1. Going by Cα centres, the stretch 66-90 and the stretch 273-302 are how many Å apart?
2. Please report the relative contact order for the stretch 1-139, taking Cα pairs under 8 Å with a sequence separation of at least 6, and give it as a percent rounded to a whole number.
3. Quick one: which of 2-10, 316-324, 95-103, 223-231 comes out on top by average Cβ neighbours within 10 Å, and what's the full order, highest first?
4. With everything on Cα atoms, drop me the angle between helix 311-327 and the longest principal axis of the chain, reported from 0 to 90° to the nearest 10.
5. May I ask for the angle, rounded to the nearest 10°, between helix 225-236 and the longest principal axis of the chain, with both axes built from Cα atoms and the value confined to 0 to 90°?
6. Using the Cα gyration tensor of the stretch 1-50, with a ≥ b ≥ c the square roots of its eigenvalues, what is the shape: rounded (a/c below 1.5), prolate (a/b larger than b/c) or oblate (neither)?
7. Efficiency by 1/(1 + (r/R0)^6): what FRET value for residue 302 and residue 42, r their Cβ-Cβ distance, R0 = 25 Å, to the nearest 0.05?
8. Pull out a ≥ b ≥ c, the square roots of the eigenvalues of the alpha-carbon gyration tensor of the stretch 242-331, then state rounded if a/c is under 1.5, prolate if not and a/b is larger than b/c, and oblate in the remaining case.
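Please treat every number below as a calculation from the coordinates, not as lab data. None of these values were measured; they are calculated from a predicted model. Ideal geometry is used to build each Cβ from the backbone, glycine not excepted, and the neighbour counts take in all protein chains shown.
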């Protein structure tokens, strides 16, 4: 297959690209040729162009046609209009990367399936993804545009600490400081290692049964946020000192952080993976978070330049902890 990734060096796409090359896919990247977050696998052909500039992207694509195009970096409907203009009639399958946060929030029933309504009143990011999906499905129904929609949930690699506060929070734990956890830590969450995601995703490339369909891809491991914090702390050889803070209080202090909680992380996220397993027989997520947590800790420990501590996170944590101390004394 001849496949184009728009993007390709992000957390999720990098694992899919590495696996695609191993599988013998003729893989192309379209990007601006700037410094990449992660190395481009040997064997990938890079087309230099800016997807946000139609003329630049059109020139980079030249006369190329593709079996599959994957857009990893479209977030608003205007981005989709560019995709439709660029790839209408020159691709057999177009895969749009949406988000599981587009599902009804909070969900009325569990587990979440692909038939769960799309509705998120709390997070604009999710509403924009919903609008992108609606535009693409209209193009599929009206014009036969061969779209497949993929909805990742919280997918991580060794570079991403899946905590509010990222490495700053992990560093606080490792130094015996208090860390903030939303709610009471009992809500159930799903973390997916990016190499596991790739196994399901790459099975969709060129999969005619997936055209016109939406599908999510996650692990089947369900963890409470307490377990997530405890697992990372155990990997780091420490005991976490947790201060529980209501999500709405966090939102009051920082709207951007609060939206990711109210619109996603504060809710139970249990997803039914039956559909991806039907479309990609044999797919199974096999990397537990206990293993992923060790990768995260080791990767950051290997190079001090990776240990990025952000003053804004420490300031937010200290404000929230002080506020909670006024309400409930913290031992």
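1. Result: 28 Å between the Cα centres.
2. On the way: 209 pairs, mean separation 29.0, N = 139.
Relative contact order, the stretch 1-139: 21 percent.
3. Values: 2-10: 22.7, 316-324: 16.3, 95-103: 24.3, 223-231: 18.8.
So the peptides 2-10, 316-324, 95-103, 223-231, ranked by packing, come out 95-103, 2-10, 223-231, 316-324.
4. 50
5. Between the helix axis and the principal axis of the chain, the angle is about 80 degrees.
6. Working: a/c = 1.91, a/b = 1.30, b/c = 1.46.
Note, shape of the stretch 1-50 comes out oblate.
7. Values: r = 23 Å, r/R0 = 0.91.
Calculated value: 0.65.
8. Working: a/c = 2.60, a/b = 1.51, b/c = 1.73.
Judged from the Cα gyration tensor, the stretch 242-331 comes out oblate (a/c at least 1.5, b/c at or above a/b).
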